[in-house]
Amino acid sequence: AKAAGRGTWRVFAAEMEAEVQARLAIELDLREAMGRGELELFYQPQIDLLSGRLVGCEALMRWRHPERGLVPPSRFIPIAEDLGLITAMGQWALHRACADAAQWEDGVKVAVNLSPVQFTTGDVVLVVSEALRHSGLAPYRLELEITESVLLQDNPATLRTLQDLRALGVRIALDDFGTGYSSLSYLRHYPFDKIKIDRSFVSEIETRPDCAAIVDSIAILARTLGMTTTAEGVETEEQLRLVTLAGCTEGQGYYFGRPLPLNEMTLLHHPGNNA
Ligand code: C2E
Ligand code: CA
Ligand code: CA
Ligand code: CA
């Protein structure tokens, strides 16, 4: 048993070693990725639930690595945040997304994710206003998605930054709502336009009454506070029916469309297409 235990430990240690090596390799490559033009934005449609119309697209970052292929954000965003690379990557994403959206059908918005790190390093208000100026995009068509972890820092500067961003005319969405440390007081103190209800509630809305009740409550609360709601991760027709019934204003998820490279987003090039 002892020998087996030591053997297990050796296997474990080897696995950890391999993981450390893999991360180091990613770190080295990530430092070069932006300069080599390996970062891309995919776009996922956001649909108005009442009319069924496309109202916006969320920009989701991808890394097209020459050997690893398409790397998902879960594999490189946390590393980029640790290394401080996310500030420059986020600035690139804002400029790219605004420039892309400026070409879209009038009124279609673009949503861009902001890392909490972008709030503590670099001047996010300046970066956003420059992205708007360079692209000529009307400010109301840019929506910034932030998570509760930004608010957790409980820094008075955060509130001012959010107010300054909103003064530019851009919209602010609270992402992944219901996960983490959701505090209702955030909704009172911070100027959000939209709450995005986390996919974990939507994916179980058919089978778990508690999830259905939570979605209902968030939609009602948001409406009372004058905010809109997006149901994230809608994958089935029944989920669509239930989030619509709950009073969510927008839906996003594989049911409507997966994130795609810009040139595959045919919907955006056919303003007359209501399909
Ligand atoms: P998020 O902001 O919550 O983005 C939604 C994620 O859910 C995306 O994953 C999207 O592909 C996925 N998704 C959408 N609909 C469905 C569905 O119906 N079913 C399922 N199973 N998944 C769905 P993705 O693209 O892998 O991004 C993961 C996370 O990485 C994002 O979560 C966001 O937190 C972060 N991220 C992505 N792009 C950026 C970026 O440009 N900047 C920053 N700071 N973070 C980003
Ligand atoms: Ca998001
Ligand atoms: Ca989300
Ligand atoms: Ca998320």
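The values are calculated or read from the model by the stated rules, or taken from the named source; none is laboratory data. Just so you know, these numbers come straight off a predicted model, no measurement behind them. Cβ coordinates were reconstructed from backbone atoms using ideal geometry, including for glycine residues, and neighbour counts include every protein chain displayed. Ligands, DNA and RNA are excluded from the accessible area calculation, which covers all protein heavy atoms including side chains. Shrake-Rupley method; radii C 1.70, N 1.55, O 1.52, S 1.80 Å.
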Failed criterion for residue 131 (all others in (1) of a type outside the set (D, E, K, R); (2) away from ligand 2 (no atom under 16 Å from the Cβ); (3) open to solvent by 60 Å² or more (accessible area, probe 1.4 Å) hold): (3)
Residues being part of a loop (DSSP other than H, G, I, E, B) and either open to solvent by less than 30 Å² (accessible area, probe 1.4 Å) or modelled with pLDDT of 95 or more (or both) - total across the stretch 234-275: 16
Qualifying residue in the stretch 43-60 (condition: surrounded by 14 or more Cβ atoms within 10 Å (Cβ to Cβ), of a type in the set (D, E, K, R), within 30 Å of residue 239 (Cα to Cα) and away from ligand 4 (no atom under 16 Å from the Cβ)): yes
Residue in the stretch 151-171 that is within 16 Å of ligand 3 (Cβ to nearest atom) and either open to solvent by 60 Å² or more (accessible area, probe 1.4 Å) or in a helix (DSSP H, G or I) (or both) present: yes
Matching entry among 111, 157 (being at pLDDT below 95 and of a type outside the set (Asp, Glu)): 157
Selected residue (criterion: surrounded by the fewest Cβ atoms within 10 Å (Cβ to Cβ)) from residues of the stretch 178-215 that are closer than 20 Å to residue 155 by Cα and of a type in the set (A, V, I, L, M, F, W, C): 184
Single unsatisfied condition, residue 70 versus (1) touching a Lys or Arg at 6+ places or on another chain (Cβ under 6 Å); (2) in contact (Cβ under 8 Å) with a residue 60 or more places away in the chain: (2)
Residues within the stretch 182-205 that are more than 14 Å from ligand 4 (Cβ to nearest atom) and not aliphatic (A, V, I, L, M), tallied: 11
Residue 26 in contact (Cβ under 8 Å) with a residue 12 or more places away in the chain, over 30 Å from residue 196 (Cα atoms) and either part of a helix (DSSP H, G or I) or more than 15 Å from the chain's Cα centre (by Cα) (or both): yes
Residue check for residue 82: open to solvent by 40 Å² or more (accessible area, probe 1.4 Å), more than 13 Å from ligand 2 (Cβ to nearest atom) and assigned to a loop (DSSP other than H, G, I, E, B): no
Any chance residue 231 is of a type in the set (A, V, I, L, M), modelled with pLDDT of 95 or more and either more than 21 Å from the chain's Cα centre (by Cα) or away from ligand 4 (no atom under 16 Å from the Cβ) (or both): no
The stretch 142-177, residues that are among the charged types (D, E, K, R) and in contact with a helix residue (DSSP H, G or I) (Cβ under 6 Å, 6 or more places away or on another chain): 164
